[in-house]
Amino acid sequence: MKRLLFIILLIGNTVFAQPALQPGDLIFFRDSEGMGGAVQESTGEYTHVAIVIDSVWTIDATPGDGVALSLRYQGTDVKADIFRLTIPFDTAAVVARAKSFTGQPYDNAFLPDNGALYCSELVYECYLDSNGDHLFEANPMNWRDRNGNMPQYWQEHFKKLGMPVPEGVPGTNPTDMSRSPLLRKVQ
């Protein structure tokens, strides 16, 4: 009987220790391989961000699928944190804007206003205040590592696209976005 009670308490603590996801929450991911590793090397901890649509779906922009709905990320091998806005916002409008971008291609060039979106650019475009102004900031983008060197990954990536590395072009990244005073970590 004691063992059964212990198992029930353990399951209860595990279930209730995690806050329920809400539409409009942001899931920030860590990935140290491929493009994720290059993003981490240049910008910091987080390499990808997705918008929670409901208890099952998220929407994000990925190189393979562009902007698309995805089943909510699950599994023990996923390294992610959940953040929630600390200010009131129109959740339905954010979700509707996010869905309106579905089908747009992934922005491999990481440039603003080019008809394609990368993950944090999607978030940037979806979270607007009542005046239509962006809630998150765009800043000059940095592609260099902490020693000031341009990683080989980015040199090759942009060479394949036939363009220079867009160093200093206004943009966003998941790590900077996660540091916004408008967000708090909930898990």
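The values are calculated or read from the model by the stated rules, or taken from the named source; none is laboratory data. Predicted model only: the values in this text are computed from it and were never measured. Neighbour counts are summed over all protein chains in view; Cβ atoms, including those assigned to glycine, are modelled from backbone coordinates with ideal geometry.
Please verify whether L21 is modelled with pLDDT under 95 and over 18 Å from S178 (Cβ atoms), treating the condition exactly as stated.
On the way: modelled with pLDDT under 95: yes; over 18 Å from S178 (Cβ atoms): no.
For L21, the condition - modelled with pLDDT under 95 and over 18 Å from S178 (Cβ atoms) - is not met.
Filter region 156-183 down to residues that are assigned to a loop (DSSP other than H, G, I, E, B) and without any contact (Cβ under 8 Å) to a residue 24 or more places away in the chain and give me whichever is surrounded by the fewest Cβ atoms within 10 Å (Cβ to Cβ). Walk me through how you get there before you give the answer.
As a first pass, look at region 156-183 and keep what is assigned to a loop (DSSP other than H, G, I, E, B): 161-169, 172-173, 179-182.
With without any contact (Cβ under 8 Å) to a residue 24 or more places away in the chain added as a condition, the list becomes 162, 164-165, 179.
Working: G162: 7, P164: 10, V165: 18, R179: 11.
It comes out as G162.
Tell me which residues, restricted to region 125-155, are among the hydroxyl-bearing types (S, T, Y) and part of a loop (DSSP other than H, G, I, E, B).
Of everything in region 125-155, those that are among the hydroxyl-bearing types (S, T, Y) and part of a loop (DSSP other than H, G, I, E, B) turn out to be Y127, S130.
Just name the residue that is nearest to P166 (Cα to Cα) out of those in region 107-123 that are of a type outside the set (G, A, S) and surrounded by 21 or more Cβ atoms within 10 Å (Cβ to Cβ). Quick ask: steps written out before the conclusion?
To start, the set of residues in region 107-123 that are of a type outside the set (G, A, S) comprises 107-108, 110-114, 117-119, 121-123.
With surrounded by 21 or more Cβ atoms within 10 Å (Cβ to Cβ) added as a condition, the list becomes 107, 110, 117-119, 121-123.
Details: D107: 12, F110: 8, L117: 15, Y118: 14, C119: 17, E121: 15, L122: 18, V123: 20 Å.
So the residue we want is F110.
Which condition number does L85 fail, the rest of (1) closer than 21 Å to R30 by Cα; (2) over 17 Å from the mean Cα position of the chain (by Cα) being met?
The single condition L85 does not satisfy is (2).
If I ask for residues that are in contact with a Pro (Cβ under 6 Å, 6 or more places away or on another chain) and more than 12 Å from C119 (Cβ to Cβ), which ones from region 19-45 would you list?
To start, the set of residues in region 19-45 that are in contact with a Pro (Cβ under 6 Å, 6 or more places away or on another chain) comprises 28, 38, 41.
A38, E41, listed by residue number.
All but one of (1) surrounded by fewer than 17 Cβ atoms within 10 Å (Cβ to Cβ); (2) more than 16 Å from the chain's Cα centre (by Cα); (3) outside any helix (DSSP H, G or I) hold for A93; which doesn't?
Of everything listed in (1) surrounded by fewer than 17 Cβ atoms within 10 Å (Cβ to Cβ); (2) more than 16 Å from the chain's Cα centre (by Cα); (3) outside any helix (DSSP H, G or I), A93 misses just condition (3).
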